[in-house]
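Q: Mind having a look at this structure? Questions to follow.
The values are calculated or read from the model by the stated rules, or taken from the named source; none is laboratory data. Note that this is a predicted model, so its numbers are computed, not measured. Cβ sites come from the backbone with ideal geometry, for glycine too, and all protein chains shown count toward neighbours.
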Amino acid sequence: RIGSKLLNGLMEIPGSEWYDYKFTSNKAKDMAPVKLNWIKVPGILKYNISNYKLEIRFLRAETKKEIDIKYGRWLKKNRIKFLPISTLMKKVLDHLSLF
């Protein structure tokens, strides 16, 4: 979260902006930073932050090669637990069976 006043210095998984309306998974796939075979992850993560009630749905894709990420880095799954992350990101990673 470089340059952010909210949770500055904490890591997060790649995602979209937060919206106050629902949109289809096809729209989410179109918004993805790379074109891959995105599939829906079962379930919805519900989380409350102050006055916001979040409902988060996930898409997942696999790739055989590393893709250049402008503001990110690739990590081995066993290193994730050592990252400085927010409670919400811990819940996201748990939902995705990565934490």
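Q: Being among the aromatic types (Phe, Trp, Tyr) and either at pLDDT 90 or above or on the phi > 0 side of the Ramachandran plot (or both): is that true of Phe58 here?
A: Yes, satisfied.
Q: Also, quick follow-up: Go through the stretch 58-74 and report how many residues are surrounded by 12 or more Cβ atoms within 10 Å (Cβ to Cβ) and touching a Leu at 6+ places or on another chain (Cβ under 8 Å).
A: Counting residues in the stretch 58-74 that are surrounded by 12 or more Cβ atoms within 10 Å (Cβ to Cβ) and touching a Leu at 6+ places or on another chain (Cβ under 8 Å) gives 2.
Q: Kindly list the number of the only condition in (1) farther than 22 Å from Lys77 by Cβ; (2) at pLDDT 85 or above that fails for Val41.
A: If we test Val41 against (1) farther than 22 Å from Lys77 by Cβ; (2) at pLDDT 85 or above, just (1) comes out false.
Q: Same structure, new question: Six or more apart or on different chains, Cβ under 7 Å: which pairs go from a residue in the stretch 62-89 that's without any contact (Cβ under 8 Å) to a residue 40 or more places away in the chain to one that's assigned to a helix (DSSP H, G or I) and of a type in the set (A, V, I, L, M)? Could you list them?
A: Ile80/Leu93
Q: Just need a number here: residues in the stretch 28-77 that are of a type in the set (Asp, Glu) and touching a strand residue (DSSP E or B) at 6+ places or on another chain (Cβ under 6 Å).
A: 1
Q: Now for a different question. Any idea which of (1) under 18 Å from Glu12 (Cα atoms); (2) surrounded by 11 or more Cβ atoms within 10 Å (Cβ to Cβ) is the one Lys40 doesn't satisfy?
A: Of (1) under 18 Å from Glu12 (Cα atoms); (2) surrounded by 11 or more Cβ atoms within 10 Å (Cβ to Cβ), only one is false for Lys40: (1).
Q: Identify, please: which residue in the stretch 75-94 is under 20 Å from Tyr19 (Cα atoms) and of a type outside the set (Val, Ile, Thr) and is, among those, surrounded by the most Cβ atoms within 10 Å (Cβ to Cβ)?
A: Met89
Q: Suppose we keep only residues that are within 14 Å of the chain's Cα centre (by Cα), in a strand (DSSP E or B) and not charged (D, E, K, R) within the stretch 48-91. Which one would you say is nearest to Met11 (Cα to Cα)?
A: Only one residue fits best here, namely Ile85.
Q: Quick one: Lys29 ticks every box in (1) surrounded by 14 or more Cβ atoms within 10 Å (Cβ to Cβ); (2) among the charged types (D, E, K, R); (3) not in a helix (DSSP H, G or I) except a single one, so which number is it?
A: (3)
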